[in-house]
Structures are given as C-alpha cells and as structure tokens.
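S.K.: Here it is, the structure in full.
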Amino acid sequence: MAITLLRVDERLIHGQVTVGWGARLRPTVYVVVDDNLVASDWERELMELGAPPDVEVEFLSVAAARPRVQEWSGSPARVVVLTRDLDHMMRLARGGILSGEEVNLGGLHHAPGRIEALPYLFLTDEDRELILELEAEGASVSARDLPTSPRRSVKEIFR
C-alpha cells in the first residue's frame, strides 16, 4: 500500500495518530523523521510507548529518510511518516521527493509567534513560507486533524 500518510504533528506518535488515523489506515510502520529525536534514546523509548504493539516504529534523520521514500512508496507495508514540524517535512521533500504526495498538517499548537489558522493549527510566517515551498516541490498540502474531519486546503488555511 505504500505511504498511507505524511503528517506534520508536533506530538508525533500519540492517540490522534494511532487511534484516529490508525483505525482508518491500519499502518504496519510508523516512521518518525526528526534529526533531534534520533539522538535521544529516552525520547525514542517514550515515543514508542504510544505505538500499538503490532506496529513497527522507526526513527530516522532527514538525511537517512530521504533515500528511503521511494522504497516506502513501493512497499507492501502501510507506512505513516511523521515529522514534528514543517522544516523537517520540507527538508524531506526537497528535490521533488514527495511530488504527487499529500502532506497532512495535523497538529501545530499555540506557541509564541504562532497565529491560529485552524483550532489545531497555529502557524508562524516561516511556517506559511514552508507550506508554499512544499507545494512548489510538488506536494499537495492540506490540514485535517482526524480522517473524519473536513480536509482544509492551503487557501482555507491562509485565510
């Protein structure tokens, strides 16, 4: 089935992803792409606790993940790729690697400098630029916190 979800969510593996999206997509692998998390054993162990026991979890840096995208796309595994922020997703997408794929914006919450675009999506000016860069790289970007929620286009997000 390949990549079933590419999602930006600062919480990474958590209930909304494992229960909400997991029940619909039935992933066999969660791939967390995060340069900092790769270097932290205790954070990886904590993150793995949120995953169902029958689902594999991989933690990769952007550099290690980029050459694997094509492999995941052609894999019989059902892969969910998660990044904590738009910067990691954009660096993964560079060079058109995610061209034709949909990137889901699922959870960037309130923080200093962020402005509410949707109840679950708060963006900085830099985030908005990264969304436009993702689209320029050929990815389709939309926001949806859960699979049962309406998909919001970039136009709706930027209102």
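S.K.: Around residue 34, under 15 Å between beta carbons, what's the net of Lys plus Arg minus Asp minus Glu among the other residues?
M.R.: Around residue 34, the charge tally is -3.
S.K.: Now for a separate question. For region 84-89, in order, what is each residue's ³J(HN,Hα) by Karplus, 6.51 cos²θ - 1.76 cosθ + 1.60 with θ = phi - 60°, in whole Hz (x at glycine and Pro)?
M.R.: Ordered by residue, 3J(HN,Hα) equals 6, 8, 5, 4, 4, 5 Hz.
S.K.: Moving on to the next point. How many percent of DSSP beta bridges within region 6-157 run antiparallel, rounded to 5?
M.R.: Here the share of antiparallel DSSP bridges comes out near 20 percent.
S.K.: Given 0.36 nm per residue, what is the gain on full extension from residue 133 to residue 99 after removing their alpha carbon distance, in nm? Can you show the working numbers first?
M.R.: Values: separation 34, 0.36 × 34 = 12.24 nm, distance 1.17 nm.
Stretched fully, the residue 133-residue 99 segment lengthens by 11.1 nm.
S.K.: Using Cα atoms only, what is the angle between the long axis of helix 125-136 and the major principal axis of the chain, expressed in degrees (0 to 90) to the nearest 10?
M.R.: 70 degrees
S.K.: Using a Förster radius of 22 Å, what is the FRET efficiency between residue 45 and residue 77 based on their Cβ-Cβ separation? Nearest 0.05, please.
M.R.: Working from the Cβ atoms, E equals 0.45.
S.K.: In a shell of Cβ-Cβ distance under 11 Å around residue 150, excluding residue 150 itself, what net charge do Lys and Arg (+1) and Asp and Glu (-1) give?
M.R.: Neighbour charge sum, excluding residue 150 itself: +1.
S.K.: In addition: Averaging the inverse of every distinct alpha carbon separation and then flipping it gives the Kirkwood radius. What is it for region 1-102, in angstrom units?
M.R.: Computed over region 1-102, the radius equals 13.5 Å.
S.K.: Next question, about the same structure. Residue by residue, what Karplus-based ³J(HN,Hα) values in Hz, rounded to whole numbers, does region 112-121 have, using 6.51, -1.76 and 1.60 with θ = phi - 60° and x for Gly and Pro?
M.R.: x, x, 9, 10, 5, 9, 9, x, 10, 9
S.K.: Turning to a different aspect of this structure: With a point put 7 Å past each Cα toward its Cβ, work out how far residue 58 is from residue 149 in nm, to one decimal.
M.R.: If labels sit at residue 58 and residue 149, their model points lie 2.8 nm apart.
Laboratory data are not the source of any read-out in this text; all were calculated from the coordinates shown. This one's a predicted model, so the numbers in the text were calculated from it and none came from an experiment. Methodologically, a virtual Cβ is constructed for each residue, glycine included, from the backbone with ideal geometry; neighbour enumeration extends over all protein chains shown.
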